[in-house]
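Undergrad: One structure coming up, written as structure tokens, with questions to follow.
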Amino acid sequence: MIYKASAAWLSKRINCTLEGILTQCHGCCESKFYPCTIPEQNVYNHCFWLGDKGCKLNMDEEPVLCMLYPIIFNDNHTMILFARSLFQSCKKTYKQGEKSILENQSNQIIHIFGQEFYDLMYKSIIVNQKDFYFEMPRYVLACIAIENLLETMHEIPMKRTEYEKRFPEYFTGAINITTTLSHNPKVI
């Protein structure tokens, strides 16, 4: 399956940096939306993993969807900004700062997909202002499927390092999550 990263969406300026989160929007981890709406968390009204300086999880543990937010995948398999982010959760940081959301999320994208992938994505979206097409790595698809499952089960997001132990069928191929079996993103 071919995925697209939308140049129109990912080139928008949003100050989604630790400074922007701590001083302007206070983060998507502190809102009325998942993961903050899980019954066990309503007392705090923020994500279980949220600390004074952001997420308590390191980049190897943090859920893929959390790492990418406010970048999401829509039903057309396109990476876009979560629509609500422009007028609700990210409203105070929208059109703030000097970098695009793609640039502000560079460390997370590199951690998930790799440096070469990010460099090609950046060149396509920021330099050439064109959409970027790729095949999703099976591991990333498995993580996203598990994270969506946890959300529908109203469970606290778990450490990504624990996914394979709890949901081995997503990694062994027992569950058909895609026809793409690549472990590395392929640029189309």
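The values are calculated or read from the model by the stated rules, or taken from the named source; none is laboratory data. As the structure is a prediction and not an experimental result, all values here were calculated from the model. Because the Cβ atoms are built from the backbone with ideal geometry, glycine has one as well, and the counts that use them run over all protein chains shown.
Undergrad: In the stretch 148-167, how many are acidic (Asp, Glu), touching a helix residue (DSSP H, G or I) at 6+ places or on another chain (Cβ under 9 Å) and modelled with pLDDT of 90 or more? Give the steps one after another, and end with the answer.
TA: The initial filter retains those residues of the stretch 148-167 that are acidic (Asp, Glu), namely 151, 155, 162, 164.
Applying the additional criterion that residues be touching a helix residue (DSSP H, G or I) at 6+ places or on another chain (Cβ under 9 Å) yields 151, 155, 164.
When the remaining residues are screened for being modelled with pLDDT of 90 or more, the result is 164.
Matching residues across the stretch 148-167 total 1.
Undergrad: Provide a single number: the residues in the stretch 143-164 that are in a loop (DSSP other than H, G, I, E, B) and over 11 Å from residue 63 (Cβ atoms). Talk me through it step by step, then tell me what you get.
TA: So the first thing to find is which residues in the stretch 143-164 are in a loop (DSSP other than H, G, I, E, B), and the list is 153-159.
Checking which are over 11 Å from residue 63 (Cβ atoms) leaves us with 153-155.
So the answer is 3.
Undergrad: Could you give me the residue pairs with C-beta distances under 7 Å whose first residue belongs to the stretch 54-67 and is in contact (Cβ under 8 Å) with a residue 60 or more places away in the chain, whose second residue is crowded, with 18+ Cβ neighbours inside 10 Å and in a loop (DSSP other than H, G, I, E, B) wherever it lies, and which are 6+ apart or on separate chains?
TA: 57/49; 63/157; 66/157
Undergrad: Just one of the numbered conditions (1) at pLDDT below 90; (2) part of a helix (DSSP H, G or I); (3) of a type outside the set (Ser, Thr, Tyr) is not true of residue 140; which one?
TA: Here residue 140 clears every test but (1).
Undergrad: If you take the residues of the stretch 122-137 that are in contact (Cβ under 8 Å) with a residue 24 or more places away in the chain and part of a helix (DSSP H, G or I), which of them is surrounded by the fewest Cβ atoms within 10 Å (Cβ to Cβ)?
TA: The selected residue is 126.
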